[in-house]
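The values are calculated or read from the model by the stated rules, or taken from the named source; none is laboratory data. Just so you know, these numbers come straight off a predicted model, no measurement behind them. Here the Cβ is made from the backbone with ideal geometry for all residues, glycine too, and neighbour counts use every protein chain on show. What goes into the accessible areas is simple: the full protein's heavy atoms, side chains included, and nothing from ligands, DNA or RNA. Shrake-Rupley method; radii C 1.70, N 1.55, O 1.52, S 1.80 Å.
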Amino acid sequence: MEQVDVAVIGGGQSGLATAYALLGRGLRPVVLEASDRAAGSWPRYYDSLTLFSPARYSTLPGMPFPGGDPDRYPHRDEVVAYLNGYADRLDADIRTGRRVLAVQRGGDGFEVKLEDGARMATRAVVAASGTFGRPFRPALPGLEEFTGAVLHAAQYRNPEPFAGQRVVVVGAGNSAVQIAAELAGAARVTLASRAPVRCARQRTLGRDLHFWLRRTGLDAAPLGRFLRTPPTQLVIDDGRYRTALAAGAPERRELFTGVDGAKVIWPDREREEVDAIVLATGYRPDLPYLAGLDGALGGAGQPLHREGISGSRPGLAFVGLEWQRSLSSNSLRGVGRDAARIARHLAAHLGRR
C-alpha cells in the first residue's frame, strides 16, 4: 500500500492552497481530485459568472492573478485558467480522476480508499472538497408536487433554455440575484425569498468593497468561532441589481406558500402557473467520504471542527469551509490564510508523531 505524508482531498482552490502551504512546511502532500483537472467546481458554474472581488484580491498564495488590469472582475473562465496555471507551477503530486470513496482509521493515521479500488495509507488528511457536489435543496412547501421543471443553481448555465417562460428563482444571495437578473432578459422572472434582498455597494469613495474589508481587518478577523449560523448574505452590487429589482425585472416577492400542480401559491393566495423553479439556495460541505470516520461529522453531515481542525480525530483537518475562520475562508482571497494555519498545525502534529 502506498504511504504518504498528507492526503489532500480536492484539487480546487482549497486543495491547491493547502498543497502550497504544506510544501512550505517540508511535507509532501498528494492531492486527490475527482475531476479531470485541478480547477475544482469553477468549470461547472454558470456561463456568465464573474467574481465580485477584483483580480488583485482574487489570488492564491505565491501567484498573482494574471492580466493587465488588477481592478477588473475576472470571468469564470479566467479563474479556471488561473487555477490550472497555479497547479502547473506547484511542485506537488496532483492526481486527477481520483475520486475518494472513504477515509478510515488505519495504522499510524488513516487509510484512504479510492473509487478505482486503490488504497493509500496517510498520516494526515485534509478535506478540501468544497461544497459544489452537495447542492442544498430546502424543504419548500409543496415543491415535491410541482409538475414543472425544478433545478438547482448548480445545474443552471444560461437563459437560453428558459426563453419566453415563467420562472421563479428562490433565494436572496449573490447567485440568486445574478441568475434572476440575467434570466429576466429572456423570461418573466420572480425572485422569491423569505427575507428581502440586502445589497452592499461594490464601490465606496472610489474603492472596491474588498479594499475596505482588508483595510479594516474584517476580511481576516476570526469571527467564525462566534457564529452558530452564518449571517444573512449581502448582495454585492454596483447598482445594476438594485435598478433591476426596482424596475421589476426581476420582480421580488415573498416565498410561495404552496404548490398545486404547475401553479405556485403566493402569500396573497394568488395561484400562478410557472414553467420552472430555480433553487439558488446554496450548498453544504461535500464530505461523504468521512461518513464512516467516527467523530468527523455531525448528525446532519456537517464537519466537526474548530477553525478547520478536528477535535476528535488528530491529523484530520478541513480547508475551504464557509466561515471556517473568517468572512473570506471559502474564497480565493482568503483560503490561503486558513491553509497556512492548517499546514502549521499538521506539521507540528506529524513532527510530534
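With an a/c value of 1.5 or above and a/b not larger than b/c for the gyration tensor axes a ≥ b ≥ c computed over the alpha-carbon atoms, region 190-278 is described as oblate. The modelled label-to-label distance for the pair Ala139/Ala262, using points 7 Å beyond Cα in the direction of Cβ, is 2.9 nm. In terms of the Cα gyration tensor, with a ≥ b ≥ c the square roots of its eigenvalues, is region 218-343 rounded because a/c is under 1.5, prolate because a/b exceeds b/c, or oblate? Because a/c hits 1.5 or more and a/b fails to exceed b/c, region 218-343 counts as oblate. Taking packing as the residue-averaged number of other Cβ atoms within 10 angstrom, the listed peptides 330-337, 149-156, 70-77 run from highest to lowest as 330-337, 149-156, 70-77. Protection proxy ranking, highest mean first, for peptides 101-113, 7-19: 7-19, 101-113, where packing is the per-residue count of other beta-carbon atoms within 10 Å, averaged.
Quick one: among Leu143, Leu22, Leu32, which has the greatest mean-square fluctuation in a GNM of the chain with alpha-carbon springs under 10 angstrom? Comparing Leu143, Leu22, Leu32 in the GNM, the peak value goes to Leu143.
Convex hull volume per residue, computed on the Cα atoms of region 135-200, equals 99 Å³.
Segment Ala195..His75, full-extension length gain: 40.3 nm, with 0.36 nm per residue of separation and the alpha-carbon distance subtracted. Annotation: per residue accessible area for the chain equals 46 Å², rounded to a whole number [probe 1.4 Å, protein chains only].
Counting only DSSP beta bridges with both residues in region 69-211, tell me the antiparallel percent, nearest 5. Kindly include the intermediate steps, with their values, before the conclusion.
On the way: 12 of 17 bridges.
So the antiparallel bridges in region 69-211 amount to around 70 percent.
Secondary-structure-derived ellipticity at 222 nm for the chain, considering helices only, amounts to -6000 deg cm²/dmol, per-run term -39500 (n - 2.57) for DSSP H runs with n ≥ 4. Between Arg215 and Ala291, the C-beta separation translates, for a Förster distance of 41 Å, into a calculated FRET efficiency of about 0.45.
Between the helical axis of 174-183 and the longest alpha-carbon principal axis of the chain there is an angle of about 40 degrees.
Helix 335-352 and the longest principal axis of the Cα set of the chain meet at an angle near 30°. Oblate is the label for region 1-141, because the ratio a/c of its alpha-carbon gyration tensor axes (a ≥ b ≥ c) is 1.5 or higher and a/b is not greater than b/c. Over the chain, the alpha carbon radius of gyration divided by the compact-protein estimate 2.2 N^0.38 Å works out to 1.04.
Counting charges near Gly206 (Lys, Arg +1; Asp, Glu -1) among other residues having Cβ under 14 Å from its Cβ returns a value of +1. In the elastic network of the chain, a GNM with C-alpha springs shorter than 10 Å, the most mobile of Gly85, Gly26, Gly295 is Gly26.
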